[in-house]
Amino acid sequence: MKSLREWMVMCQTAGRQGRRGFFRALVLLSILIGFTTLFATLLIDQRQQAWKQAGIGARNLDASVRRDILMSFHNADQALLSVRQMLRHNPDFRFDQQTRKALLGGSATQAALGEIYILDARGNLVLSSQTNLRTRTNFANESYFYTHERTTGDALFTPKTVTVSPLGEVVVTLSRRLTASDGKFAGVAVFSLRLDAFKPLFHSLELGDKGAVSLYATDGTLLLRTPEIEGVVGRNYVTSPMFWQLAAATEPFAALSPIDHIERLFSASHVDDLPLIVAVGRSVEEIYAGWNRLALTTGLAFTVLAACVIGLSLMLGAELRQRRSNEQRYRTLAHVDGLTGLYNRRRFDIVLETEFANAFKLGAPLSIIMIDVDRFKLFNDLYGHQAGDDCLKTIAQTIQLHLKRPADMAARYGGEEIAIILPNTDANGVEAVAEELRAAIEELAIPHARSHTGYVTASLGAATYVSPADVPPLTSAELVAAADQALYGAKRSGRNRVVTHACVQIGIPAPVPANETIRAARVKSALAHMTPEVNVGLDRVSHMAAQSFGTSMAFVTLVDTAHQSFVGRSGLASDEIPRDLSFCAHALAGPDALVVLDATRDVRFAGNALVKGDPGIRFYAGTPLIDAETGATLGSLCIADQSPRASFSDDQRELLRGFASLALEQIRAVLARGETPVDRQRASA
């Protein structure tokens with residue numbers, strides 16, 4: 001019986017090992033298939049890239065040739081205009097060697113661009129740049145002659161066909177009308193442009209050993225070709241399917257050349273309105289030559305890599321078993337929030353103490369981010385607690401995805417508040433991470449009808465511990481409190497934003513209104529048309545407001561993109577202050593009055609220079625000045641004092657709005673003076 005039991009155990013063990021071996025083989029096979037797929041994908045991509053680059057190169061060469069040909073036609077037209085001008089001033093003008101070379105180019109080794117012919121009103125040749133004997137003297141039956149004879153315009157005329165010149169050369173003609181002093185037809189100036197003049201251009205192109213560039217007439221005649229093949233120039237290919245592909249091509253295409261039967265990638269285009277088609281061809285064999293070498297070398301490399309993968313897979317199996325063991329041990333010790341999957345508050349406190357001790361010991365920075373979902377209670381009330389839980393889960397997953405480093409930690413701190421620990425992260429780094437998280441939560445676009453944005457957003461506060469040499473030195477609890485204070489500042493200053501503790505210490509900048517461009521333009525217009533009389537009137541309103549509320553200061557402000565201008569004031573000597581110091585800038589985003597009973601206790605202004613220094617503002621109340629035309633807030637009617645107040649009643653708010661309406665009437669008059677008639681028409685519409 002004992003041997004039977006041993007045999008059964010051995011069979012069971014062998015069965016388990018066989019299943020594990022099968023699983024490992026399946027994993028290895030999957031890895032090899034994955035690598036093969038990746039290898040094939042890369043090779044296909046490289047092949048496609050080679051083809052794409054060849055197409056781009058062919059298009060570029062095509063465009064370059066077309067541009068050079070058009071430049072030659074432009075030069076020919078300029079030569080025509082020059083000769084016509086010379087004839088007007090000197091009817092006895094004749095071509096000499098110097099004039100011919102200046103107008104037509106050419107040298108002892110290179111033919112000129114073409115020839116110029118001057119015809120009289122009957123089509124007779126009266127002047128020519130040609131030095132050889134002429135075989136023809138009348139051109140009245142040419143299309144360009146009777147076209148100019150029947151029209152009075154001065155446009156350049158180019159026939160839609162390629163012709164043969166009096167010298168027997170294949171040319172494209174350009175012509176302009178000659179007009180007598182009484183406006184009557186006096187003849188035609190003709191430039192016979194040699195197509196052979198483009199041979200040097202064609203020879204200069206780098207197309208490989210099997211590439212080719214050709215110039216066709218629109219009737220299918222091959223006019224030029226590089227490399228040259230005897231007997232093909234002058235032949236008509238209008239019956240060839242490839243010619244019609246060239247004539248209609250808008251993108252590069254591959255085809256077998258009817259001339260030398262080599263497969264090429266062609267890029268072709270018409271030369272503007274001229275009767276010419278340029279075709280640039282790259283050999284398909286040469287295009288893929290580099291790819292073929294790459295495929296061979298990478299194939300060998302893949303074989304070696306596959307062998308390495310098998311070995312690494314065996315090592316990975318052992319590593320995965322060890323990792324599973326570690327993960328099981330970690331799950332036993334970890335403290336995870338059941339709803340969000342993040343760590344809980346207890347785990348946060350433990351890790352914070354550990355990381356704070358390390359930062360203190362090493363002198364490394366340590367940063368904290370506190371995140372609070374904006375108006376989450378209203379979200380729960382409107383959509384229910386299940387939707388609220390789903391919302392928190394989604395936000396938590398988003399936060400976790402954006403924490404890239406293993407040491408970074410996110411925890412549910414309480415309710416809808418999430419805390420993040422970022423070891424070895426300075427103030428700039430934590431601000432960048434916080435802004436990335438804020439944007440990621442906003443991009444989720446979870447609907448929230450009771451939010452000012454229409455979807456769920458979050459406010460974030462950040463604080464950084466920098467050095468144990470700080471006086472007084474921070475504790476871990478004070479670091480969390482600093483981040484929480486910054487979070488409160490983000491909530492107070494508009495929500496859906498990031499505020500750092502360093503920012504709190506110097507004053508939190510106001511959020512930029514959504515309609516800032518329109519708003520700033522209206523403020524600019526108002527300031528540009530402000531008059532001393534209006535300033536005096538606004539000073540009077542400010543003085544009455546200061547007396548009514550018993551404050552030492554009252555003022556009317558207009559806030560542009562960089563400054564707050566005092567257009568009316570009482571108890572102030574300044575004309576303007578920077579916008580980032582302005583209390584009024586915080587009132588631009590909404591229609592409600594901004595009341596600060598004690599600026600030193602308000603996190604938005606506790607570090608503000610106007611509070612800490614001169615004039616030492618403690619109390620502030622401002623009602624926005626809203627432009628009726630755009631709905632934008634231009635500035636505020638404000639009162640301020642060096643003494644804090646315990647309250648500010650609704651009746652006082654109403655009285656402040658009354659003074660604001662008086663100031664706004666005068667500013668409206670200023671804006672009306674700056675409007676154009678078109679602006680007034682739009683406003684009335």
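The values are calculated or read from the model by the stated rules, or taken from the named source; none is laboratory data. Because the structure is a prediction, the values reported are computed rather than measured. Here the Cβ is made from the backbone with ideal geometry for all residues, glycine too, and neighbour counts use every protein chain on show. Remember, those area values only see protein heavy atoms, side chains included, never the ligands or the DNA or RNA. Shrake-Rupley method; radii C 1.70, N 1.55, O 1.52, S 1.80 Å.
Results, tabulated for the structure shown:
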quantity: Amide hydrogen neighbours beyond the local backbone of Thr221, cut-off 5 Å, H modeled; calculated: Tyr237
quantity: Stretch gain in nm, segment Val336-Leu70, where the contour uses 0.36 nm per residue and the Cα spacing is subtracted; calculated: 88.4 nm
quantity: Computed magnitude of the charge dipole of segment 245-316 (debye, nearest 20; Cβ of K, R +1, Cβ of D, E -1); calculated: 420
quantity: Estimated vicinal HN-Hα couplings, Hz - segment 391-402 in sequence order (Karplus 6.51, -1.76, 1.60; Gly, Pro = x); calculated: 4, 5, 4, 4, 5, 4, 5, 5, 4, 4, 5, 8
quantity: FRET efficiency, Tyr288 to Asn326 (Cβ-Cβ, R0 45 Å, nearest 0.05); calculated: 0.35
quantity: Distance between modelled label sites at Ala180 and Asp260, nm, 7 Å Cα→Cβ extension; calculated: 5.6
quantity: Three-way shape label, segment 147-269, alpha-carbon gyration tensor, a/c 1.5; calculated: prolate
quantity: FRET efficiency estimate (nearest 0.05) - Cβ-Cβ, Thr398 to Ile350, R0 30 angstrom; calculated: 0.75
quantity: Phi-based couplings in Hz for segment 136-147 (Karplus 6.51, -1.76, 1.60; Gly and Pro marked x); calculated: 9, 10, 10, 10, 5, 8, 7, 4, 5, 5, 6, 5
quantity: Solvent-accessible area of Ile56 with every protein chain in place, 1.4 Å probe, in Å² to the nearest 10; calculated: 50
quantity: Residue-span extension gain [Ala481 to Ser204] - 0.36 nm each, minus C-alpha spacing; calculated: 92.3 nm
quantity: Residues of the chain: accessible area per residue with a 1.4 Å probe, Å²; calculated: 52
quantity: The chain: Rg to Rh, with Rh as the Kirkwood radius over Cα pairs; calculated: 1.20
quantity: Ranked by how many other beta carbons lie within 10 Å on average, peptides 175-185, 339-349, 296-306, 367-377 from highest; calculated: 367-377, 339-349, 175-185, 296-306
quantity: FRET efficiency, Thr297 to Glu319 (Cβ-Cβ, R0 45 Å, nearest 0.05); calculated: 0.90
quantity: Segment 392-548: equivalent-ellipsoid semi-axes (sqrt of 5 x gyration tensor eigenvalues, Cα, Å); calculated: 39, 22, 14
quantity: Solvent-accessible area, 1.4 Å probe, carbon plus sulfur percent, for segment 436-506; calculated: 57
quantity: Cleavage-rule hits (trypsin sites (Lys or Arg not before Pro)) in segment 397-501: DSSP loop, at most 11 neighbouring Cβ within 10 angstrom; calculated: Lys404
quantity: Cα lying deepest toward the dipole's positive end in the chain, options Tyr216, Val541, Ile418, charges on Cβ; calculated: Tyr216
quantity: Tensor-based shape of segment 545-598 (alpha-carbon gyration tensor, a/c under 1.5 rounded, otherwise prolate or oblate); calculated: oblate
quantity: DSSP beta bridges in the chain [antiparallel fraction, %, rounded to 5]; calculated: 95
quantity: Simple label model, 7 Å out from Cα along Cβ direction - Ser649 to Val27, nm; calculated: 7.8
quantity: Segment 596-654-segment 355-395 distance, computed between alpha-carbon centres (Å); calculated: 31
quantity: Amide H partners (placed H, <5 Å) of Gly114, local residues excluded; calculated: Arg194
quantity: 4 °C / 1.567 mPa s Stokes-Einstein diffusion coefficient of segment 510-558, Kirkwood radius on C-alpha pairs, µm²/s; calculated: 102
quantity: Backbone HN-Hα couplings from phi across segment 207-214 [Karplus 6.51/-1.76/1.60, Hz, Gly and Pro as x]; calculated: 10, x, 6, 10, x, 8, 10, 10
quantity: Rule-of-thumb Rg ratio for segment 294-431 [Cα; 2.2 N^0.38 Å; N residues]; calculated: 1.49
